[in-house]
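Q: Once you've had a glance at the structure underneath, I'll fire off some questions.
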Amino acid sequence: MRSWTSPTVPSLRKFGLGEGPAVQIHDTASRAVVTLAPEGAARLYVCGITPYDATHMGHAATYLAFDLLQRAWLDAGHDVSYTQNVTDVDDPLLERATATGVDWAELAESQTELFRSDMTALRMIAPQHYIGAVESIDLVVDLIVRLDAAGAVYRVDDDLYFDVHADASFGAVSGLDESGMLEIFGQRGGDPDRAGKKHPLDCLLWQAERPGEPAWDTVLGRGRPGWHIECSAIALEHLGTDFDVQGGGSDLVFPHHEMSRSESVVATGEPFARAYAHAGMVGFEGEKMSKSKGNLVLVSALRESGHDPMAVRLALLAHHYRADWEWFDAEIEQATVRLAAWRAAVERTSGPSGDDVVRDLRAALAHDLDAPAALQVMDTWAATDGDDRRAATTVSEALDALLGVAL
Ligand code: 5CA
Ligand code: ZN
């Protein structure tokens, strides 16, 4: 499907400022901060929205984390190949469409369009491949056929299931034991209690047509894809095996990223992602942000009430991407004050060394995307006097290139 328009990312190297250091990120699978070593273009897959309640600040925080990763890679001299999906057919979307009396495809299209406009306003680098589940049904079917050939598929009624024990390394992403997995599988879209399954953790690959639900005619019968196989299929098609990073929010560690990985590994015999990176969960004043609780803080609502998108971006940057945090209305006020202070600071005829700011911003970003440390660097620069007459220009370029904030 159509992506959105990427912001221009300035090249600090062309600006005579050299390149940033190798990028390090926390890998959930190895439970450690690892140094990424992309060969050729760095390949990134980030799990996209299910388009029915876009774009809340939790979504935005997750996509910002992977926007920073790309900026760090670009600054370190890598090209980036970025794929993001849209889960434009799945249970929660269909349930919302039914509950509100809206056609599911129209709901998906309108929410995806809102997401595109929010991502553009927040200056998020656009994926080269922005891919919907519906347009990928052939890819999904092909992958299920490969899994079947590997002996990892079985039927329950007319639905198809993945036998998780076909993957000897099942559990590699989450590190959870079976009881830990069982505890959350049912809460996150799984069906541990379905009769006829070989194992409670086996996950749905293909769901036969249900009355009143959309379905497609395929060699697997009439139906629609399960969730996890969608991301396996889209990632393999657009990035290949053994790509650099799969990302998403920490709610996706299990079962989603675990299952996507296992399905891919069993079908291809090759590694899936080299690292699995996860952003923390954003809540609202003590609760999980969700439409059913009526406590969604939407990027579009903040924009409509007149907040500068760069202040919204700064509010997100104030939290480390791995932290769980709560949104309070004061966040946007603080970010607005900070943005104004930085804008005033680049109007000065001189300031402290711009090259030092570039060095320190790079170090903060390359070390597990430490945006709060980067904001501290900027705050100190803005609040201190100095005699570097080129500092304002250097700092503005670096801020734009590395943190995506245009002053
Ligand atoms: N379509 C699937 C992924 S294939 C999905 O999880 N969609 S979503 O709309 O629910 O979430 C989109 C992205 O935002 C995912 O990466 C998810 O992990 C992340 N996300 C969802 N809620 C939050 C939250 N409250 N805080 C931080 N990130 C969140
Ligand atoms: Zn996904």
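Q: Return P(r) of the stretch 32-295 (all Cα-Cα pairs; 10 Å bins starting at 0; whole %; ordered from short to long distances).
A: Here the calculated profile for the stretch 32-295 is 7, 30, 38, 22, 4, 0.
Q: Right, next: Considering only protein heavy atoms and a 1.4 Å probe, what is the carbon-and-sulfur percentage of the accessible area of the stretch 32-295?
A: Heavy-atom surface of the stretch 32-295 belonging to carbon and sulfur, 1.4 Å probe: 48 percent.
Q: Principal axis lengths of the stretch 360-404 from Cα atoms, whole Å, largest first?
A: Projected onto the principal axes, the Cα atoms of the stretch 360-404 cover 32, 18, 14 Å.
Q: So what is the 222 nm mean residue ellipticity for the chain from helices alone, if each DSSP H run of at least 4 adds -39500 (n - 2.57) and you divide by all residues, rounding to the nearest 500 deg cm²/dmol?
A: -12000 deg cm²/dmol
Q: Hey, rough spin-label estimate for THR8 and THR241, points 7 angstrom out along Cα→Cβ, what's it come to in nanometres?
A: Spacing of the two 7 Å Cα→Cβ label points: 4.2 nm.
Q: Which angle from 0 to 90°, rounded to the nearest 10, does the C-alpha axis of helix 57-75 make with the longest principal axis of the chain?
A: So the inclination is approximately 70 degrees.
Q: On a full-extension model of 0.36 nm per residue, what is the gain between GLU213 and SER350, subtracting their alpha-carbon distance, rounded to one decimal in nm?
A: So the chain would gain 43.0 nm between GLU213 and SER350.
Q: Also: Using the alpha-carbon atoms, what tilt in degrees (0 to 90, nearest 10) does helix 371-383 show relative to the longest principal axis of the chain?
A: 20 degrees
Q: Any idea what diffusion coefficient the stretch 232-316 gets from Stokes-Einstein, in µm²/s, Kirkwood Rh on alpha carbon pairs, 20 °C, 1.002 mPa s?
A: My calculation gives 139 µm²/s for D.
Q: In whole Å, what are the extents of the stretch 115-179 along the principal axes defined by its C-alpha atoms, from largest to smallest?
A: Answer, in whole Å and largest first: 45, 31, 21 Å.
Q: Now for a separate question. To the nearest 10 degrees, how steep is helix 354-366 against the longest Cα principal axis of the chain, on a 0 to 90 scale?
A: 20 degrees
Q: Now, a different point. Whole-Å semi-axes of the stretch 137-213's equivalent ellipsoid, largest first, each the root of 5 times a Cα gyration tensor eigenvalue?
A: 21, 17, 11
Q: Give the Kirkwood hydrodynamic radius (Å, one decimal) of the stretch 45-166, defined as one over the mean of 1/r across all pairs of different Cα atoms.
A: It works out to 16.6 Å.
Q: When the label point is put 7 Å from the Cα of ALA323 along its Cα-to-beta-carbon vector, which residues of the stretch 359-373 have a backbone N closer than 20 Å?
A: Zone members listed by number: 361-373.
Q: Keeping all protein chains in place, calculate the accessible area per residue for the stretch 32-295 (probe 1.4 angstrom), answer in Å².
A: For the stretch 32-295, the per-residue accessible area is 36 Å².
Q: Sorted by mean Cβ packing within 10 Å, highest first, what order do the peptides 167-173, 26-32 take?
A: Per-residue mean Cβ counts within 10 Å order the peptides as 167-173, 26-32.
The values are calculated or read from the model by the stated rules, or taken from the named source; none is laboratory data. Not measured: the values here are computed from a predicted model. Ideal geometry is used to build each Cβ from the backbone, glycine not excepted, and the neighbour counts take in all protein chains shown. These accessible areas exclude ligands, DNA and RNA; they are computed on the full protein's heavy atoms, side chains included. Shrake-Rupley method; radii C 1.70, N 1.55, O 1.52, S 1.80 Å.
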